[in-house]
Amino acid sequence: MRRMLYGALGVAFGFLVAARPAPAHHSFAAEFDANKCQDLTGTFTSYEWQNPHGYFHLDVKDSGGAVTSWTFETVSLSTLKRSGTQRRDFENSIGKQVTVRACLAKNGAKNRAAAETIKLPDGQVHRIGQDVEGKFSEY
């Protein structure tokens, strides 16, 4: 009897430990505005190759010469890999000029956007986000 009680308590404890909160995932439309997309050209400074989304950063000069740091979100790493984008594509771009087609954050967060495509220094264009504008064939 005691053995069954300990067994049941062990199973219940296991379920409690396994039931920890999972991080919430969001849709593109919840965070980004598909009607506010633009091209940004700048120096690729760094990246985070992580799930559930990758991130990378550009230093973008405005018309007055002021430099602003931007953060871009990509699709998941598995989707990047399936589309032919590899970690080394980002590694090889550090310190070089790239052009990103991206949609701005809805909440007004400055210098944050979801990337659709990136044109790498070698001229290759990679789709690294949702094709919300249906324009990927233009690149």
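Tabulated values for the structure
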read-out	value
Sole residue being in a strand (DSSP E or B), modelled with pLDDT of 90 or more, within 16 Å of ILE128 (Cβ to Cβ) and of a type in the set (D, E, K, R), chosen from ASP39, ASP89, ASP59	ASP39
Residue in the stretch 97-109 that is farther than 17 Å from LYS36 by Cα and either of a type in the set (Val, Ile, Thr) or surrounded by fewer than 17 Cβ atoms within 10 Å (Cβ to Cβ) (or both) present	yes
Given (1) among the charged types (D, E, K, R); (2) loosely packed, with under 12 Cβ neighbours inside 10 Å; (3) within 13 Å of the chain's Cα centre (by Cα), index of the condition GLU91 fails	(3)
Given (1) of a type outside the set (Ser, Thr, Tyr); (2) assigned to a loop (DSSP other than H, G, I, E, B); (3) within 16 Å of PRO52 (Cα to Cα); (4) without any contact (Cβ under 8 Å) to a residue 60 or more places away in the chain, number of the condition PHE72 does not satisfy	(2)
The lone exception for THR117 - which of (1) under 12 Å from the mean Cα position of the chain (by Cα); (2) part of a helix (DSSP H, G or I) it fails	(2)
Criterion (under 16 Å from the mean Cα position of the chain (by Cα) and at positive phi) met by exactly one of ASN111, ASN51	ASN111
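The values are calculated or read from the model by the stated rules, or taken from the named source; none is laboratory data. Everything numeric in this text was worked out from a predicted model, so none of it was measured. Heads up, the Cβs are rebuilt from the backbone with ideal geometry, glycines too, and the neighbour counts pull from every protein chain shown.
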